[in-house]
Each structure stands twice: as structure tokens, then as C-alpha cells.
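Read-outs throughout are calculated quantities, based only on the coordinates presented, and are distinct from any laboratory measurement. No experiment lies behind these values; they were computed from the predicted model shown.
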Amino acid sequence: MLETPSPIAEAAMEGPAGAGREGALAERLDTAGGLPAVSEVERLFAQDGIRKAAIAPDWPGLLGEARRLGEVRSVARNAHAIHKSWGTYGALRGGGEVGLVINGGIDLRMFFGAWKHAYIVEAPCGDATQLSLQIFDGTGDAVQKIFPETSAGMNVLREWAGRYGVSAGTPVVVPAPASSPERPDSAIDATALLTEWQGLKDVHHFRALLARHGAGRTQALRLARGRFAERVGNDALARILAGAHDHCVPLMVFLANRGIVQIHSGTIGACEHADGWLHLTDPEFHLHLREAGIAESWVVTKPTADGPVTSLELYDAAGETVLQLFGVRSEGMAENPAWQVLAHSMAVAS
């Protein structure tokens, strides 16, 4: 059942969209460079006035019936960007440590091995009450937050609090493991790497390709520069979003953290800049990105059985992925030429 003692800061709560709430959300990402030193799940235990119920980690059980929540807002973030999608859950697919949900506005790849803490949170929101399911990884960073848009959906969360709720004390968090140092470029067989890159048949095989060659992601892009990758200016995201809006080019916008990849697909509205942030606020998709967090931007090409697939990829100073953009396409179909032209124009203009 929902307990009163413990809780979460309003800025971490992500209540209904609105100018004030969006501002609080932006403040959750430290202007100095990412998530604060005190983890978000620890902040859950730092303020009073919000009720919560710890949830047993039955992810297939919960997500297998998530369609009962109806219309939801799904929020995922990493150190520099926040991605919000509106829609309804479809059937849970996959098995073991990986789950997939693909249903229009809610398009997720979930890595359950990173999901360590989950709470149903009930918090005041103006004159009403907002319930949400909030999931955190072992370091205490948020993986995903799910906000039902209807009272019926919030009643489902109340039911889950009773059915899946467990007694739990203060969550134990552990520091993220230090990243392995990148091997020197001279230690990578660049010829073999690029030869195998040329032979790719599926973009999903790219991660395994890098692992086989012991190459970091941005390191591989450097080695492929001029052939499969072009470094572009860090204003490329704003320019490509503006171009996609002006020419009605549908995009796929990927945000990843340790536990989830959340994807938006479709045409987009206009974006705006404010106080070092880029904001895109469409009816069913919001993106907020701290522009100073982008250290490198690349236009990347990967061969596939259906022809080349082009992406704009953004990385922070530690080489972690901030955001990836692709053109909308279906498996078995060639990439949209309008997206290819738009993406490659970033390299020409830089």
C-alpha cells in the first residue's frame, strides 16, 4: 500500500506539462554537467509530503498489463536530455533481460538487468493528485517514469501498489562503474574494422562489430571519418530539427540511458532555444536538451541489406550517447531520400 513517510522532490516528479513544471524539470539536470551527485532515488527519501509504495521487481507482470493504464506520458532521461512520449502501451515482447513495447507513441527497448528500484508515487499537483510509476537503476538514476493521464489509469496504479507493493527501507545505491579507458587508435585494426563495417546487413549488429574490434563508439567514428562518418557542428541538432519541421521529414528520435531506449517517430513541430536549452514541445512528444552537454556531433552511415541507414549522433564529453536521430523507415524498406539529403547537408554546411 502507499506509505506517507518518504518521497520525491517536485522537480523530479515530472507532473503534467506546463511552463512552470517544464522549468522545474530543466533544473533537475545540473548546469555544471549532468545529473546531481545525490541520486534521484535518494531524493525520494529526502522530502516529506509525498506518498510512495515500493514495488516488487516483477517487470513482465507489471508491463504485461500496462495497457490497462490507458493514455500515459512516458518520461526517459539521461544526463543531458529529457524525452517525453504520450500514448498507450502495447503488448510486451521479448524475454529474459530485454523487453520491447512498440505501439505508436510508446516505443521502448527495456533492459531489465539495470532496473533495481521501483515506486508508485502519489504527489499533490495543484488542486489534484498525480500518481506515477517511477523506475530507477542501481546508481539511483531514473530509468523511466510513467504518468497515467486519466483517473482510471491512476486507479490501476493504486491497485498495483496493493498487489505488488513490498516493504522496503532506504534504497541502496552504488556508484556507476568507471568506464574502461579507450584503447589507442593505433591498437585498432582500422582496415579490418572498416571492412566489416562495409559488410553490415543490419544496423542492430553495429554494437557487436565495435565489441569485436575493441573500439569505442566515438573512436570508431574518428577512424571511419571521411568514409562512413562526418563530424559536424554541435548546432546540427537544431538545424536538422528545423529542416525536418520545414520540409515535413519524419524522424525517429532515440534517447537512451542504462535501462531503456525511448523512441519517438513522426513529423515534428518547431523547436525553440531558452537559457542554453533546446525545447521541442509537440502535443505527443517533448524533447528538452541542454546544449552545452553536446561535445561531438556526427553524421553516420551504416550499410544494411535495405541500403544505407543515416543517423545524426550526439555525444557528451565522456563519449556517452546523448541522442540519436534517424529517418522514419520500416524494416525491409529503403531510407527516405529526403532524410538522407537533410542529414548529409549538415556535413556540407559545417
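Summary table below
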| read-out | value |
| --- | --- |
| Relative contact order (percent, whole number), the chain, Cα cutoff 8 Å, 6+ residue spacing | 16 percent |
| Set of aspartates and glutamates with alpha-carbon distance to Lys302 below 14 Å, sequence-local pairs under 8 removed | Glu196, Asp202, Glu230, Glu313, Glu335 |
| 24 Å Cα-Cα reach of Lys52 towards lysines, excluding residues that sit fewer than 8 places from it in its own chain | Lys84, Lys116, Lys145 |
| Relative contact order (%) - segment 262-350, alpha-carbon pairs under 8 angstrom, separation at least six | 18 percent |
| Among Ala236, Ala274, Ala224: highest mean-square fluctuation, GNM of the chain, C-alpha pairs under 10 Å | Ala274 |
| 13 Å Cα-Cα reach of Lys201 towards aspartates and glutamates, excluding residues that sit fewer than 8 places from it in its own chain | Asp306, Glu331 |
| Estimated [θ] at 222 nm from DSSP helical runs (n ≥ 4, -39500 (n - 2.57)) normalised by residues in the chain, nearest 500 | -6500 deg cm²/dmol |
| GNM result for the chain, Cα springs below 10 Å: residue of Val322, Val309, Val41 fluctuating most strongly | Val309 |
